[in-house]
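The values are calculated or read from the model by the stated rules, or taken from the named source; none is laboratory data. Computed from a predicted model, the values in this text were never measured in an experiment. Neighbour counts run over all protein chains shown; Cβ positions are idealised from the backbone, glycine included.
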Amino acid sequence: MTEVSAEGAVEAVWRLEAARIVGALTRLVRDVGLAEELAQDALVLALEQWPQTGVPDNPGAWLMTVARRRAVDRIRRDRRYADRLTEIGHRLETGAEDAYTTVLDPERIEDDVLRLMFVACHPVLPEQARVALTLRLVGGLTTGEIARAFLVPEATVAQRIVRAKKALSEADVPFEVPSGADRAARLGSVLAVVYLIFNEGYAASSGDDWMRADLCREALRLGRLLAGLVPGEAEAHGLVALMELQASRTRARTDDDGAPVPLPEQNRGRWDRLLIRRGLAALLRAREVQDAPGPYVLQAAIAATHAAARTAADTDWAGIAALYALLARTAPSPIVELNRAVAVGMAAGPAAGLAVLDAVADDPALRDRHLLPSVRGDLLARLGRDDEARAEFARAAERTANAAERRALLARAAAP
């Protein structure tokens with residue numbers, strides 16, 4: 001096996017196994033920062049040995065075994081873990097159990113990954129730190145990959161991750177899945193981080209490209225993993241359904257030059273039918289788990305309504321507007337109202353949409369964002385108020401940090 005193929009194998013295995021390895025080590029050493037350091041040691045050893053010895057038959061187990069040995073060695077050198085060392089050492093020396101049975105037990109590993117997701121998304125951390133730590137620990141992305149994805153310096157991401165680990169250590173965050181009301185609150189944080197990662201890939205907030213497919217794929221992977229770990233949580237399935245359905249439009253969302261294509265103008269023949277079926281299946285699972293729909297289930301239902309329309313003209317805008325009204329009562333926010341304005345504008349006419357939009361026009365959350373003037377411009381253009389519409393598109397172009405979106409908005413502002 002060549003060095004390049006071995007390195008490729010290391011990278012692929014690491015992306016798949018990182019969360020399980022770090023989770024198992026965190027259970028052992030009770031320190032997420034130390035656990036990642038030990039896992040990285042195993043990764044470095046694989047990069048050194050596999051090009052010469054070849055990729056093991058079970059590379060994930062190889063990495064887990066090496067990492068656990070490093071953990072035991074570290075514990076032996078650290079007096080703070082003396083009691084834990086006694087227990088582990090006894091098992092290893094007496095052969096009371098296979099040295100790695102506990103770590104490699106599938107059910108225990110899945111529990112570890114779930115705990116790791118809750119730790120990485122703990123509310124003690126700021127949002128940006130949660131995203132970075134989740135992508136690093138659960139997603140297996142490198143600091144450089146995270147920095148490139150969010151167009152920030154690598155040093156900035158590294159600093160966020162270091163601070164996040166320190167904050168978790170100082171807060172003595174337990175390595176566990178919370179229960180009761182705390183679990184519900186923490187699950188909301190985990191779901192929000194996964195969806196934030198997806199949204200950054202689906203409609204990049206800055207940079208030259210309208211989309212970043214790698215982030216969408218990573219968010220989908222994390223969402224599917226989470227839904228598998230908490231099958232009784234309707235909102236986890238709802239989030240997966242929402243992302244699957246939105247991701248189904250990926251190939252139709254940009255033209256050959258990378259410019260954004262609005263939903264009504266997309267070639268629906270390019271929508272991914274497999275992802276649509278997967279999304280509808282996830283939505284069905286969510287409804288089977290819980291009758292009263294939560295915010296992600298409602299948003300998935302909206303996306304499913306779009307997916308059901310063979311053409312843009314067939315879209316059930318009245319049904320979508322009703323779902324947005326229910327979403328506005330379930331999880332009120334100015335962004336929901338902005339989207340409801342679009343739906344109402346399509347169902348009842350642009351004047352009705354403007355009335356909804358005017359009610360949130362002064363909200364601080366929208367005041368400096370490009371979304372408000374962009375939607376207003378659309379509604380004004382449909383009313384024939386072209387000069388006002390062009391002014392709104394120009395204002396939106398000034399506020400967006402995404403180059404592809406800016407070009408599209410400027411083109412509309414300059415249209416005769």
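What's the total number of residues in segment 91-129 that are in a helix (DSSP H, G or I), aromatic (Phe, Trp, Tyr) and modelled with pLDDT under 85?
Taking segment 91-129 and keeping what is in a helix (DSSP H, G or I), we get 91-94, 101-104, 106-120, 127-129.
Filter again for aromatic (Phe, Trp, Tyr), leaving 118.
Restricting the remaining residues to those that are modelled with pLDDT under 85 gives none.
Final tally of qualifying residues: 0.
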Completion exercise
Being small (Gly, Ala, Ser), within 27 Å of Met243 (Cα to Cα) and surrounded by fewer than 16 Cβ atoms within 10 Å (Cβ to Cβ) narrows Ala312, Ala321, Ala304, Ala396 down to just Ala312
Problem - Residue pairs meeting the criteria (Cβ under 8 Å; at least 6 apart or on separate chains; first under 18 Å from Asn402 (Cβ atoms) and touching a residue at least 24 places away in the same chain (Cβ under 8 Å), in segment 256-271; second among the small types (Gly, Ala, Ser) and surrounded by 14 or more Cβ atoms within 10 Å (Cβ to Cβ)) - result: Gly258/Ala404; Ala259/Ala404; Ala259/Ala408; Pro260/Ala404; Pro260/Ala408; Leu263/Ala312
Exercise for the section: Determine the pairs where a residue that is closer than 11 Å to Arg412 by Cβ, located within segment 372-399, has a partner that is hydroxyl-bearing (Ser, Thr, Tyr) with Cβ atoms under 8 Å apart, the partner being 6 or more residues away or on another chain. Expected result: Glu392/Ser374; Phe393/Ser374; Ala396/Ser374
Exercise for the section: Would you point out which residue out of Ala282, Ala341 is out of contact with any Pro (no Cβ under 7 Å at 6 or more places or on another chain), more than 30 Å from Ala389 (Cα to Cα), surrounded by 20 or more Cβ atoms within 10 Å (Cβ to Cβ) and hydrophobic (A, V, I, L, M, F, W, C)? Expected result: Ala282
Problem - Residue satisfying all of: in segment 221-275; outside any helix (DSSP H, G or I) and basic (Lys, Arg); farthest from Ala411 (Cα to Cα) among these - result: Arg249
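Of everything in segment 130-162 that's part of a loop (DSSP other than H, G, I, E, B) and over 17 Å from Glu37 (Cβ atoms), which residue is modelled with the highest pLDDT? Spell out how you get there, then give the answer.
If we filter segment 130-162 for residues that are part of a loop (DSSP other than H, G, I, E, B), which is where we start, we get 138-142, 151-153.
So of that shortlist, the ones also over 17 Å from Glu37 (Cβ atoms) come out as 139, 151-153.
Values: Gly139: 79, Leu151: 68, Val152: 80, Pro153: 88.
Per the criteria, the residue is Pro153.
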Problem - Which numbered condition Val177 fails, given (1) under 26 Å from His370 (Cβ atoms); (2) not in a helix (DSSP H, G or I); (3) not hydroxyl-bearing (Ser, Thr, Tyr) - result: (1)
